[in-house]
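Undergrad: Sharing a structure, written as structure tokens. Questions coming.
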Amino acid sequence: MSGMEKEPVERLLRNLPAVGKFLEDAQTTELIQRFSRREVVQTFQELMEELREEIRQGRLGADEIPKRVRNIMQAVRHRLHERARPSLRRVVNATGILLLTNAGRAPLAEPVFEAMREPVCRYSNLEYDLTLGRRGHRDIHVEGRLRRLLGCEAATVVNNAAAALVLILNTLARNRDVLVSRGELIEIGGSFRLPEIMQAGGAFLKEVGTTNRTRTADFADAVDENTAVILRVHPSNYRIVGFTESPPLAELVEMAHRRRLPLVYDVGSGLLFPDAHSALREEPAISDCLAQGVDLVCSSGDKLLGGPQAGLIVGRHDLVEKIRRNPLMRAMRVDKMVYAALDATLLQYAAGRHRSVLPVWSMLQISDEEIRRRVEAVQQRCSGGNLIVEIEPGYSYLGGGSAPGEGIPTWLLALQSTRLSARSIEEALRRHTPPILTRIEKERVLLDLRTVFPDEDEILASGLLGLAKSGFAEAHESSS
Ligand SMILES: *Cc1c(COP(=O)(O)O)cnc(C)c1O
């Protein structure tokens, strides 16, 4: 770099005001009261340093600098407000996918959240036996309710279903073989892969049968002195169609017990009882599995169960006791928040209210007419402008690795614009406050109100209205 260029840059830098100058401003005093002196000073320093860097790299002309300096107060305020926002925020889920993993799977019911407040915000009897006045076990907080609900001998809870399976395999089958049907070697959400879970638990996977057909006799033939567990896994997120066969559960249980082996069933979704809803026809219910003699059932807490993220293990008392004594249990145990939420969720089942109180269940139950009425109301409010809003029949999905392809009939809002691509509409809605999540099919943006809480229809309508009115400007701005 020549001396002639270097000199002006250094002069420009020298002429910038010091951070101290901004700190005397009355507006800064307000910011300090709100965000703390440290945060405010740090943010001024950051923005000034960014400005200096731009000048050093020659990306900012001498004539543009005064304006940037004038705007620094506003930039600092904006950044402070941005940073004060919680990282985890509500989104409006208009995808129609009920258990959208990326959006937090099952939303908790409001009464469940209310029930958590006291034991979580105050001290609790988490591990204190109030009757005997001595140390108690945290595990009892949901075990009683699960036993009464399901009639099982014992129950325990860990962080999620993946942890439950690792723990079960590590306890019952470490350094030994676990038999699994080839048709059930699942991967869920990219990170839950059965062979890897098996390895993490220290067990050896022994595949049985073929991808589409596995019979009880195949299992019986595969059993030898190294076999520790027979594992059944519900293939939640896919379905093998055509010429298929898997052993009837009761038959497999009977064979396992004849060989004195425990049968473990990972059912995934946590459906407690069979339900007549057409979308749940192929979901194994935990109560059914237990009735058919399965020794241990494990499942997620935040799928169809409709509670917090958790992994439930229910079944035989001696096996659950063994699991509790595994040192890994200590590494996978759940927090008081999970016990409180899970207990309050299960209470809804005990009271026969889960279909109306738990959001996932009430969303499943919404009637055709109800969805149609809401969709029409939103359409009426936001038609016109740049947006073409049409109503058409379509499907909602359970998602979250539950019931593959089982669509639930619904009414969709299909958006198209004369000026915006489907990608731009989707992006503009995603950048709305609060963000609105949609799906794109065949170059159209689809919105399904089944997964939108009724009090969010208003947010949706005003988001769409904004897009219809100023769609071009907004989407253009947000993508820059
Ligand atoms: C979803 C699912 C899991 C993983 O559950 P997490 O609670 O997310 O760990 C495991 N097995 C099956 C069959 C599932 O459907």
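Undergrad: With contacts defined as alpha carbon pairs under 8 Å and 6 or more residues apart, what's the relative contact order of the chain in percent?
TA: Details: 802 pairs, mean separation 84.8, N = 480.
Relative contact order for the chain comes out at 18 percent.
Undergrad: Hey, with R₀ at 22 Å, roughly what FRET efficiency would E10 and E46 work out to, going by the Cβ-Cβ distance, to 0.05? Walk me through the numbers before you get to the answer.
TA: Numbers: r = 22 Å, r/R0 = 0.98.
With a Förster radius of 22 Å, E is 0.55.
Undergrad: Give the Rg/Rh ratio for segment 4-51, taking Rg as the radius of gyration of the Cα atoms and Rh as the Kirkwood radius, to two decimals. Mind showing how you got there, number by number?
TA: On the way: Rg = 13.5 Å, Rh = 12.0 Å.
My calculation of the ratio gives 1.13.
Undergrad: Also, quick follow-up: Hey, can you grab everything whose amide H is under 5 Å from the amide H of T227? Only 5+ residues off in sequence or another chain; H modelled, so Pro and N-termini drop out.
TA: Long-range HN contacts for T227: D177.
Undergrad: Alpha carbon centre of segment 318-385 versus segment 66-92: separation in Å?
TA: 35
Undergrad: With +1 on the Cβ of every Lys and Arg and -1 on the Cβ of every Asp and Glu, and nothing else charged, how large is the dipole of the chain about its Cα centre, in debye rounded to the nearest 20? Let's see the in-between values first.
TA: Details: 64 positive and 64 negative charges, 228 e Å.
I would put it at about 1100 debye.
Undergrad: Less than 12 Å Cβ to Cβ from R79, Lys/Arg counted +1 and Asp/Glu -1: what total charge do the surrounding residues give?
TA: Working: positive: R77, R83, R85; negative: E39, E46, E50, E82.
Once all neighbours under 12 Å are counted, the net charge is -1.
Undergrad: Here is a further query. Quick one: Karplus J couplings for segment 55-67, per residue in order, coefficients 6.51, -1.76, 1.60, θ = phi - 60°, nearest Hz, x for Gly and Pro?
TA: With the stated coefficients, segment 55-67 comes to 5, 4, 7, x, 8, 10, x, 4, 6, 8, 5, x, 5 Hz.
Undergrad: Amide H of Y395 versus every other amide H placed in the peptide plane: which residues, excluding those fewer than 5 positions away on the same chain, fall under 5 Å?
TA: Amide H neighbours of Y395, under 5 Å, 5+ apart: T410.
Undergrad: I would also like to ask the following. Search the structure for amide H atoms under 5 Å from the amide H of V208, placed 1.01 Å from N in the peptide plane, and list their residues when 5 or more places away or on another chain.
TA: Amide H to amide H, under 5 Å and 5 or more residues apart or across chains, V208 pairs with V180, S181, R182.
Undergrad: Cut-off under 19 Å on the C-alpha distance; same-chain residues fewer than 8 positions from K322 excluded. Which lysines are left, in chain and number order?
TA: The reachable lysines, counting only those whose Cα sits under 19 Å from K322, number zero.
Undergrad: Now a separate question. Simple spin-label model, 7 Å along Cα-to-Cβ: L130 to E282 in nm?
TA: Modelled inter-label distance: 4.6 nm.
Undergrad: If packing is taken as the average count of other Cβ atoms within 10 Å, what order do 223-236, 363-376, 285-298, 155-168 fall into, highest mean first?
TA: Averaged packing, sorted descending, gives the order 155-168, 285-298, 223-236, 363-376.
Undergrad: Taking a virtual spin label 7 Å from the Cα of R174 along the C-beta vector, which residues in segment 292-322 bring their backbone nitrogen under 15 Å of it?
TA: Of the residues in segment 292-322, 322 have backbone N under 15 Å from the label point off R174.
Undergrad: Right, next: Restricting to the chain, what percent of DSSP beta bridges are antiparallel, rounded to 5? If you can, show how the numbers build up before the last one.
TA: Working: 33 of 54 bridges.
In the chain, DSSP labels about 60 percent of beta bridges as antiparallel.
Undergrad: When all alpha-carbon pairs of the chain are counted, what percent fall beyond 38 Å? Could you put the intermediate results ahead of the total?
TA: Numbers: 50774 of 114960 pairs.
Everything past 38 Å amounts to 44 percent.
Undergrad: Report the full-extension gain for the segment R85 to S383: residue separation times 0.36 nm, less the Cα-Cα distance, to one decimal in nm.
TA: On the way: separation 298, 0.36 × 298 = 107.28 nm, distance 3.25 nm.
Contour length minus Cα-Cα distance gives 104.0 nm.
Read-outs: derived from the displayed coordinates by stated rules, not from any lab. Keep in mind that this is a model prediction, so the values were computed, not measured. With ideal geometry, Cβ positions are generated from the backbone for all residues, glycine too; neighbour counts draw on all protein chains shown.
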